[in-house]
Amino acid sequence: MRRIGLVVATCGFVGYAPVAPGTFGSAAGLVLFAALRTWSTSAGEVVAVLLLFVVGAWSGTVAERHAGRTDPGIVVIDEVLGMLVTLIFLPVGVVGAVVGFLVFRVLDIVKPWPARAFERLPGGWGIMADDAMAGVYGNLVMRVLLLLPGLAL
């Protein structure tokens, strides 16, 4: 089960990217978002977010034990979740998805309150919760951007 947990936490080893694994994880989230938007419904997106949160918390805990430290950089399933939360229920095209990607990356790095506080939750729950919160903020930012006249996202 440890190997399966590591594969899930690293999104098929995307987390082992030599530079910016979080950015690569977010890109994987963008790919999953595109697939869900193409072949699923809003309900499917909700199920994916909930499933990713729970499976990510489990696999993140496995990865922490494996690495011997909290929130190791190889874990990128949290970025996948954050991307989905950033874009869920939003009427965006390719440009909007890319803007959402950039917005989420900034918020994931800055970690506005309470996202940073959520990192202190135990095990994989902390790994997932801070990015979920960054995704909520990202979704709110995207909603504001979508209201701006003349901005086609």
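None of the figures in this text is laboratory data; all of them are computed from the coordinates on show. None of these values were measured; they are calculated from a predicted model. Backbone-built Cβ (ideal geometry, glycine too); neighbour counts: all protein chains shown.
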Please state the relative contact order of the chain as a whole percent: Cα pairs under 8 Å, 6+ residues apart? 28
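If R0 is 35 Å, what FRET efficiency do you get for Arg116 and Val94 from their C-beta distance, rounded to 0.05?
Numbers: r = 31 Å, r/R0 = 0.89.
Calculated transfer efficiency: 0.65.
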For the chain, which span is the longest to avoid every loop-located (per DSSP) member of chymotrypsin sites (Phe, Trp or Tyr not before Pro) having at most 14 other Cβ atoms inside 10 Å? 14-88
Before anything else, pin down the relative contact order of region 87-153: Cα pairs under 8 Å, at least 6 apart, normalised by residue count, whole percent. 44
Matching label for the computed Rg and Dmax of the Cα atoms in Å, out of (1) 14.7, 50; (2) 18.3, 62; (3) 13.8, 40, is (1)
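Report the gain in length on full extension from Leu102 to Arg2: 0.36 nm times residue separation, minus Cα-Cα distance, nm rounded to one decimal. Walk me through the numbers on the way to the answer.
Details: separation 100, 0.36 × 100 = 36.00 nm, distance 3.22 nm.
Contour length minus Cα-Cα distance gives 32.8 nm.
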